[in-house]
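For reference, the structure is listed below as structure tokens.
The values are calculated or read from the model by the stated rules, or taken from the named source; none is laboratory data. Values in this document were obtained by computation on a predicted structure and should not be read as measured data. Because the Cβ atoms are built from the backbone with ideal geometry, glycine has one as well, and the counts that use them run over all protein chains shown. Note: accessible area is taken over every heavy atom of the protein model, side chains too, but ligands, DNA and RNA are not part of it. Shrake-Rupley method; radii C 1.70, N 1.55, O 1.52, S 1.80 Å.
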Amino acid sequence: METKQIKIETFPLGPLQTNAYLVSLPEGNRGFVIDPGMDPQPLLKRIEHMEIEAIVLTHAHFDHIGGVDAVRRLKGCPVYLHDAEAEWLTNPKRNGSTMWPELGGAITTDPAEYALDDGQELKLLGIVFQVLHTPGHSPGSVSLVYGNHLFGGDVLFRLSVGRTDLPGGDQQELLDSIHDKLFKLPDETIVYPGHGSRTTIGYEREHNPYV
């Protein structure tokens, strides 16, 4: 199967430097956004003259959804999220934004238009992304795979893993997600995490002290 080249731009946003990703085709002016976080002005400026097909959320913690409203208003695009966190977009207690008021206060947005599920084939930009349900950091965490690219949210980081001490977190579930799903991917798969620098599955399988 032919794999089209995609362009991936990273925007560390907000007080927690949450990585938002703009995925586009090199030859076109179409893209979609993954996890538009708080203070999204750099991302909004970049997509101002682009056609944005969708917002895909790896999960609905406040630092990953703070820019959803702004992107939605600017581009009129739908939101995709796993059903396990469907209520988190409208409930600031569930998405955690009321736990740290010093970071900006309550965050809410309208419900997602579409649900994501394990094994789903999500077609965006005319190509198919595979959805993996990878809970543990949160119950509705998903990872998105295309070719040798993995957008994993807060599941796996360079030499670290996602925290599991927030509501709905489960350490064993997180480790199972990593071992049973992410580590089944080829070593050369590039991991684009929710925070920090990118890494590869092979590097983390060999060097990550938490797994």
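Name the single residue that is surrounded by the most Cβ atoms within 10 Å (Cβ to Cβ) among those in region 181-211 being among the polar types (S, T, N, Q) and not in a loop (DSSP other than H, G, I, E, B).
Looking at the filtered set, the residue picked out is 199.
Mind checking which residues of region 64-85 are under 21 Å from residue 164 (Cβ atoms) and open to solvent by 10 Å² or more (accessible area, probe 1.4 Å)?
Correct list: 82, 83, 84.
Per-residue answers, yes or no, for (1) in a helix (DSSP H, G or I); (2) not charged (D, E, K, R):
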| position | (1), (2) |
| --- | --- |
| 85 | yes, no |
| 106 | no, yes |
| 115 | no, yes |
| 132 | no, yes |
| 136 | no, yes |
| 145 | no, yes |
| 177 | yes, yes |
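Any residue in region 16-28 that's closer than 20 Å to residue 75 by Cα and outside any strand (DSSP E or B): show its pairings with residues that are open to solvent by less than 10 Å² (accessible area, probe 1.4 Å) and among the hydrophobic types (A, V, I, L, M, F, W, C) at Cβ separation under 7 Å, as long as the two are six or more apart or on different chains.
Going by the 7 Å Cβ cut-off, the qualifying pairs are 25/125.
So, in region 29-39, how many residues would count as being under 14 Å from residue 72 (Cβ atoms) and open to solvent by 10 Å² or more (accessible area, probe 1.4 Å)?
Within region 29-39, residues that are under 14 Å from residue 72 (Cβ atoms) and open to solvent by 10 Å² or more (accessible area, probe 1.4 Å) number 0.
Going by the structure shown, is residue 3 among the β-branched types (Val, Ile, Thr) and part of a loop (DSSP other than H, G, I, E, B)?
Judged against the criteria, residue 3 is a match.
Of everything in region 147-180, what is open to solvent by 20 Å² or more (accessible area, probe 1.4 Å) and closer than 20 Å to residue 121 by Cα? Give them in sequence order.
Within region 147-180, 147, 148, 149, 180 meet the criteria.
Pick out the one residue from 93, 123 that is without any contact (Cβ under 8 Å) to a residue 12 or more places away in the chain, surrounded by fewer than 16 Cβ atoms within 10 Å (Cβ to Cβ) and assigned to a strand (DSSP E or B).
123
Which of the following residues is aliphatic (A, V, I, L, M) and in a strand (DSSP E or B): 150, 166?
150
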